[in-house]
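The values are calculated or read from the model by the stated rules, or taken from the named source; none is laboratory data. Since the structure is predicted, the reported quantities are computational estimates derived from the model, not experimental observations. Every residue, glycine as well, gets a Cβ built from its backbone with ideal geometry; the counts of neighbours run over all protein chains shown.
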Amino acid sequence: MNWKQFLKPDWRKVVIFIIFLIIFLPFKSGISIGELYWPAIGLPLPIYAENYFIYFGLIFDLIFWYIVSLFIVWVYDKFKKVKKKK
């Protein structure tokens with residue numbers, strides 16, 4: 001599998017990606033700096049905190065969860081090939 005095939009979306013990658021977005025984008029967390037604390041929404045980076053929408057957090061989250069879904073499908077395919085060889 002080359003990089004083009006690895007990054008190319010297919011139905012499995014898209015479904016896993018959407019599941020991750022549904023689960024982790026509305027995840028409530030917080031940003032704290034010293035004694036200051038702001039409730040935030042989004043995981044791994046907040047995308048919304050104290051009436052501010054954080055575009056970088058959204059872009060990073062989308063890229064991060066897509067890469068995670070790519071690796072999940074890649075590992076699944078690798079184990080599937082190993083299992084067929086046995």
The residue that is nearest to Tyr66 (Cα to Cα), considering only those in segment 1-46 that are aromatic (Phe, Trp, Tyr) and not in a helix (DSSP H, G or I), is Phe27
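Let's see how each residue does on (1) touching a Ser or Thr at 6+ places or on another chain (Cβ under 8 Å); (2) hydrophobic (A, V, I, L, M, F, W, C):
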{"residue": "Phe20", "(1), (2)": "yes, yes"}
{"residue": "Leu25", "(1), (2)": "no, yes"}
{"residue": "Gly34", "(1), (2)": "no, no"}
{"residue": "Leu43", "(1), (2)": "yes, yes"}
{"residue": "Trp74", "(1), (2)": "no, yes"}
Restricted to segment 2-48 and to residues being within 26 Å of Ile72 (Cβ to Cβ) and charged (D, E, K, R), the residue surrounded by the fewest Cβ atoms within 10 Å (Cβ to Cβ) is Lys4
Filter segment 51-75 for residues that are closer than 21 Å to Ile16 by Cβ and hydroxyl-bearing (Ser, Thr, Tyr); the one that is farthest from the chain's Cα centre (by Cα) is Ser69
Restricted to segment 47-60 and to residues being under 16 Å from Ser32 (Cα atoms) and in a strand (DSSP E or B), the residue modelled with the lowest pLDDT is Ala49
Would you confirm whether any residue within segment 49-60 is surrounded by fewer than 12 Cβ atoms within 10 Å (Cβ to Cβ) and on the phi > 0 side of the Ramachandran plot?
yes
